[in-house]
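The block underneath contains the structure these notes are about, expressed in structure tokens.
The values are calculated or read from the model by the stated rules, or taken from the named source; none is laboratory data. A quick note: this is a predicted structure, and the numbers were derived from the prediction, not measured. Note that we place each Cβ from the backbone using ideal geometry, even for glycine, and neighbour counts take in every protein chain shown.
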Amino acid sequence: MRFQFRVRKMENSRVLFSILYWLCAFLFVVGPAEIKSAGITVENLFSSWIGREDVDFVNFHIKRLSFTAAVHSALPIGYFLGMTCVSDSAANISSLFNGSLEFGWQLYVCTSILLHIAVLTIIFYWSMDDWSNHPIVKDISLYVNHRGSEVARSSWRVRGNEISNEFRRIDKYATSYTGWSRLIVTENWIMMTALYKVRLVPQDKVTLAVMQSEEHDISPESNSMVQFLSLRIKPTVSPHLKPFYVRILSTEFKELKEAVMRSILTLPNISILQTVDEMFLKAFREHIHSNRSFSSLTPVEQCIGCMQNTAQIKLVKNCDSSSPCQTCACRPLWCIDCMGRWYASRQDRTRPETWLSGNAPCPMCRAKFCMLDISVLASN
Ligand SMILES: [Zn+2]
Ligand SMILES: [Zn+2]
Ligand SMILES: [Zn+2]
């Protein structure tokens, strides 16, 4: 009995350690904004080697990518080393050297060491010849005039310093982070930084296009409606260069458009919702179409708001009896968009996240209604 109990306890501590380790590792690698703001990131932990982004942008990211790859690829080895400290675990250092380690663990340790060595080798290769093999330097080198190998070797530094100087200036524009990535526009450059990737391209050698849009009712950061745009950035210096993509908030699109010198192509099927009202109107339309419809017996009149569309909705109390909503006896008088704008105008401007669950008075009879009480006319 006692033996069984001890076995179970050992298993428990191993399982607990495994869950805790990989959960922490996962949060460390792709953690939410809270972890980032708490400073638990590679660039904060190794800041004395990596330096600061606002002091030397190019060097900072060259080192940040290298350190990130090195640290993240060491996480599997860290798990083994941690496991050797868990009491009675099969993993321990001495059995690793005398060959008595379980086959599963042997395989695991070999794979993780090989992975780490492979990554370190890549980083060593990057660092050779004054980092000239690093992906960031290769990006920059595309835009350096090669005049003899000696000039070319050092000239990426000149370009790099130009970029860092531009980044230091306060007139640069940076979008907010979506996940780990963000877009930065300086006087002459467009740059994207992400967890394992940084791309740079001069403003006059690029095409920009909005390829896709996606709406979410709720964003975890602000608790309100958001639209993300997927922006494709394609360097034009060579047809072989692959484009890169970055997600931006639609509310930042206007500022971005002003910051870049080039026009941004938008595919015709994409409507960019730049304001909270535009975003709300889209959500409003979707929501009321899922309500019960209303069959009107009388001929439908014109909307008295815009005098362009026909009236499209009727207020019918559909929500439950405990709500403060009242019965409206008005004829259908409004189109969907005019009613949406009226409804939005009666909400708390500072808290868009409450709009869909709020209520508004009927524009004519002042009877209170909520989102559930807006019925689309069945003939529409
Ligand atoms: Zn109207
Ligand atoms: Zn009414
Ligand atoms: Zn109601």
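Restricting the stretch 170-195 to residues that are among the hydroxyl-bearing types (Ser, Thr, Tyr) and within 23 Å of Val226 (Cβ to Cβ), the residue that is surrounded by the most Cβ atoms within 10 Å (Cβ to Cβ) is Thr193.
Looking across the stretch 76-92, the residues that are surrounded by 10 or more Cβ atoms within 10 Å (Cβ to Cβ), in contact (Cβ under 8 Å) with a residue 12 or more places away in the chain and farther than 17 Å from Cys24 by Cβ come down to Asp88, Ser89, Ala90, Ala91.
Taken over the stretch 142-156, residues that are closer than 26 Å to Glu43 by Cβ and either of a type in the set (Asp, Glu) or modelled with pLDDT of 90 or more (or both) amount to 0.
Could you go through the stretch 55-68 and let me know if any residue there is part of a loop (DSSP other than H, G, I, E, B) and under 19 Å from Arg159 (Cα atoms). So far as the stretch 55-68 goes, yes, one or more of its residues are part of a loop (DSSP other than H, G, I, E, B) and under 19 Å from Arg159 (Cα atoms). Every listed requirement among (1) within 16 Å of ligand 3 (Cβ to nearest atom); (2) in contact (Cβ under 8 Å) with a residue 24 or more places away in the chain; (3) acidic (Asp, Glu) is met by Asp320 save one, (2).
Is there a residue in the stretch 211-230 that is over 28 Å from Pro32 (Cβ atoms) and of a type outside the set (Val, Ile, Thr)? No, the stretch 211-230 contains no residue that is over 28 Å from Pro32 (Cβ atoms) and of a type outside the set (Val, Ile, Thr). Would you point out the residue of the stretch 181-211, among those that are more than 16 Å from the chain's Cα centre (by Cα) and outside any strand (DSSP E or B), that is nearest to Phe60 (Cα to Cα)? Selected residue: Thr186. Hey, could you check the stretch 328-366 for residues that are in contact with an Asp or Glu (Cβ under 9 Å, 6 or more places away or on another chain) and within 14 Å of ligand 3 (Cβ to nearest atom) and say which is modelled with the lowest pLDDT? Residue satisfying both the conditions and the ranking: Leu356.
Yes or no, residue by residue, for (1) more than 15 Å from ligand 2 (Cβ to nearest atom); (2) of a type in the set (Ser, Thr, Tyr); (3) out of contact with any strand residue (DSSP E or B) (no Cβ under 9 Å at 6 or more places or on another chain):
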site	(1), (2), (3)
Ile272	yes, no, no
Arg285	yes, no, yes
Lys314	no, no, no
Ser321	yes, yes, yes
Trp342	no, no, no
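Any residue that is in a helix (DSSP H, G or I), more than 25 Å from Thr178 (Cβ to Cβ) and within 29 Å of the chain's Cα centre (by Cα) - is there at least one of those in the stretch 33-44? No, that holds for no residue. Of the numbered criteria (1) within 16 Å of ligand 2 (Cβ to nearest atom); (2) modelled with pLDDT of 90 or more, the one Glu301 fails is (2). The strands (runs of 3 or more DSSP E) falling completely within the stretch 271-380 that include 1 or more residues that are surrounded by fewer than 17 Cβ atoms within 10 Å (Cβ to Cβ) map to 359-361. In the same structural domain as Ser13 (by TED's automatic domain parsing), in contact with a helix residue (DSSP H, G or I) (Cβ under 6 Å, 6 or more places away or on another chain) and at pLDDT 75 or above, is that true of Leu101? Against the criterion (in the same structural domain as Ser13 (by TED's automatic domain parsing), in contact with a helix residue (DSSP H, G or I) (Cβ under 6 Å, 6 or more places away or on another chain) and at pLDDT 75 or above), Leu101 qualifies. Among the residues of the stretch 247-263, is any among the small types (Gly, Ala, Ser), free of Cβ contacts under 8 Å to residues at least 60 places away in the same chain, surrounded by fewer than 18 Cβ atoms within 10 Å (Cβ to Cβ) and farther than 29 Å from Val29 by Cβ? Yes, the stretch 247-263 contains a residue that is among the small types (Gly, Ala, Ser), free of Cβ contacts under 8 Å to residues at least 60 places away in the same chain, surrounded by fewer than 18 Cβ atoms within 10 Å (Cβ to Cβ) and farther than 29 Å from Val29 by Cβ.
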